[in-house]
Every structure is written in C-alpha cells, then in structure tokens.
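I have a structure I would like to understand better, so I am pasting it below and will then ask my questions one at a time.
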Amino acid sequence: MNPDYYDLKKLARQVRAENGLTSTRVLQTDLRRIYFKHGIEIDYWPYRFRNLRGAFICDRFGTTVMLAQNLPQDPMVFTMAHELKHFLTDRDLQASFCDLSNINREIEIGAEIFASELLFPDHSFVEQMQSLGIKRRQCTPETLVKLKQQTKTTLSYAGLAIKAERLRYAPVGSVTKIRTWRKLEKLYNRQLAYWKSSRATGCAIY
Amino acid sequence: MKLIDHVAAQIRELRTTYNSGEGMSQEALARQLNVAPNTVSRWETGLYLPSVSDLERLARIFGVSIVSFFPSDKVGGEDEALLSLLRTASQLHPEDLEELRRYAEFRKARRMYEGKSRPKAGRKRSRPK
C-alpha cells in the first residue's frame, strides 16, 4: 500500500463527490444515506463497551456495521466513516472491529485516514488555514478551536490536531498531546465573549 | 416443533428454573423487561413471538446466549465469520470481547428469526376507499 495512503484519500474524496458531501460538516444522516445505498445494515448496540466503538461484519448473514449506541456525535460519525472504509476495501476479511487496542494496525490506520479525509479533506483544511491567515507551524490549539467552531465540522479535535501536525501547520506534538479540548474551548469562548463585551462597552483590553 | 413454540417453551423453562430452580414470576420478569405481565404470558403460550431485541434482553436476564432460544438444528455449527472476528479480537478487553460475541450471536439469531413472526392478533382493518 502507498505509504501516504494516497489511494485511500482519493477514495474518500470520490465518496464525497459521489454523495454530494461538499462541506466539512458530515452528519450521521449523510453516512446513513451512503450505508443505505450500499445495503449496509446498521446496528446501534445499546449495551456497554469499554473501548470498542464499532465493528464491521460481512458474511452470509449480510453486511452489518455495529456501532456503540452511547457514542457522542463526533466519534459516532468518525466510526461510521471508519467502518465505511472497511466495507469499501476490506470486505474479503469478513470482519473487523475498532477500538484502542488495534489502532496501529495498517488496515486500521488506513481506515482512520480515510475517515479523516471523508469528514474534512486535506485541501479544505489548507484552505481554512489560509483563510485564517495561519502559515506552516503557526497553528495553535486556539486556531483549531476557531476552525472547529467556524466550520462546525464533525471531525473531532483529536482528528483536527493530527491533521494539523501531519500537514505541518502545527509543530509535531504541539496539539496532538492535548486531552482537554472541551476545557480549552470553554476558555477561548469566555475570552472571546469578554473581548466582544469590552469592545461593545469601549473598555480597554490589556 | 415450530420456532414460535420452541421459543415459548424455552422462555417458560428458563423463567421457572431461574436462580437454581427457584424460578421467577411472570410479573417480576415483566418488570425487569419493562413490559406488561400479559406480554410475558403471551410469549410463553406462543401467542406472540418476542422481538429479537426482547430475546437478547431475556438472554441477559437468564445469563444464556440468545441462540439458546432456537432449536439446535437451526443454529448449526460454528460460524466462520464469528470465529474470524473473535480470532482478530483476541487482544480486546475481555468484557468487550464478550459483548462482541453476544452481538455476533444476535446477528445470527436475527437471520434465523426473519419472517417467522406470526401476524398480530386482532381485527384486520380494510383500506379506506
């Protein structure tokens, strides 16, 4: 396989084009539509998993994707995109599962890259960085919060951070190690609100 | 024996022998499942066939596999896809592995179940002209 997973990214862009996905906000309904088109059955499993997010099975009982029902929106969309890759390219394996233990297997890395490109293509990321005036190695956590809020993308902060480092907009390790994105988001929102109110009342900002 | 009668007999058997033969009342089972007591009664008399999701819930309450509700000749041998999935999933957390096995069995049960439910009792409504 191409070390840069070029083919998988191309496939993801092709899926986007074929299914009219033009924005970076891909929803569960969009993916359900694609699943339906391919005859993939979805099972939202209501019972608790520790780490497992989803599994893909293709056998004599049909083609099914199982999704952990309690996943929040962004991980749910990402898992659906991830499992779609297994359907499109790994059907002959009959079955695969996705959790934190096998994330480094080549086939799983491929699925992660496919999902990331499907939700937020690299070229859109570059365009967004340019529109924010961010050059290489200038991307900060704040930039990614702004980007997520502006685009309303369903790609998670973790996904955006990986992309930012891989496309060299952020120095390696500067954003992928962050685990407190929601706290940062709240902090930046408070700062933004303060800045806006200060501007409205004419207060000086130091 | 028809599938619906087999399922009915299995539910009754599991309920009456629950907790080392102590048994459980239909009302208590209905409470756990959040259904009406007469629903359990109808399942056990073979009037209604529980949905496959209800069977999964019953299997969890009784601590058995969902496939145990089906006649052994319908269940067949080991499933290749299930074995393949469990082989690749051996490094999963044991609880996740168990849940994945339950899911694979649920899928299998669902396919065995398709088209087997009896039409609902009650008056047939004619289409408005």
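Please work out the Cα convex hull volume for chain A and give it in Å³ per residue. Provide the component values of the computation, followed by the final result.
Values: hull volume 29.8 nm³, N = 206.
Hull volume normalised by residue count: 145 Å³.
Let me know the mean shielding of B:107-113 by other chains, meaning the per-residue number of their Cβ atoms within 10 Å of its Cβ. Don't jump to the answer; show the numbers that get you there.
Details: counts 8, 3, 1, 5, 4, 1, 0.
Rounded to a whole number, the mean comes out at 3.
Place +1 on the Cβ of every Lys and Arg and -1 on the Cβ of every Asp and Glu in chain A, take the dipole about the Cα centre, and give the residue among A:Leu167, A:Cys58, A:Ala17 whose Cα lies farthest towards its positive end.
Among A:Leu167, A:Cys58, A:Ala17, the one farthest towards the positive end of the dipole of chain A is A:Leu167.
Ok, one more. Using 0.36 nm per residue of separation minus the Cα-Cα distance, give me the extension gain between A:Ser23 and A:Lys10 in nm, one decimal. Walk me through the intermediate numbers first.
Numbers: separation 13, 0.36 × 13 = 4.68 nm, distance 1.66 nm.
Stretched out fully, the A:Ser23 to A:Lys10 stretch lengthens by 3.0 nm.
Per-residue Cβ counts within 10 Å, from other chains only, averaged over A:62-69: what number is that? Working shown, then result.
Numbers: counts 3, 0, 5, 0, 6, 0, 2, 0.
Average per residue, whole number: 2.
Contact order normalised by length for chain A, with contacts defined as Cα pairs under 8 Å and 6 or more residues apart; what percent is it? Write out the running numbers ahead of the final one.
Details: 231 pairs, mean separation 42.9, N = 206.
Once normalised by length, the contact order is 21 percent.
Go through A:Lys152/A:Lys177; A:Lys10/A:Lys186; A:Lys37/A:Lys85; A:Lys10/A:Lys177 and tell me which ones have a Cα-Cα distance over 25 Å in this structure. Intermediate results must be reported in sequence, preceding the final value.
Details: A:Lys152/A:Lys177 22 Å; A:Lys10/A:Lys186 35 Å; A:Lys37/A:Lys85 15 Å; A:Lys10/A:Lys177 28 Å.
Too far apart for the 25 Å limit: A:Lys10/A:Lys186; A:Lys10/A:Lys177.
Can you compute the charge dipole magnitude of region A:9-84 about its Cα centre, using +1 on each Lys and Arg Cβ and -1 on each Asp and Glu Cβ, nothing else charged? Give it in debye, rounded to the nearest 20. Don't skip to the answer; put the middle values down first.
Working: 12 positive and 7 negative charges, 51 e Å.
Around 240 debye, computed over region A:9-84.
For peptide A:47-58, what's the mean number of Cβ atoms from other chains within 10 Å of each residue's Cβ? Mind showing how you got there, number by number?
Working: counts 7, 3, 7, 7, 4, 9, 1, 0, 8, 1, 8, 1.
For this peptide, the per-residue mean of nearby foreign Cβ atoms is 5.
Taking the Cα centre of the protein assembly as shown as the origin and placing charges on Cβ (Lys, Arg +1; Asp, Glu -1), which of B:Leu97, A:Gln150, A:Tyr35 is farthest toward the positive end of the dipole?
Farthest towards the positive end: A:Gln150.
Using the crude model of +1 on Lys and Arg Cβ and -1 on Asp and Glu Cβ, and no other charge, please compute the dipole size for the protein assembly as shown relative to its Cα centre, in debye to 20.
So the dipole magnitude of the protein assembly as shown works out to roughly 1680 debye.
Values in this text are rule-based calculations from the coordinates and carry no lab data. What you see is a predicted model, and the numbers here were worked out from it, not measured in a lab. FYI the Cβ positions are ideal-geometry reconstructions off the backbone, even for glycines, and counts take in every protein chain you see.
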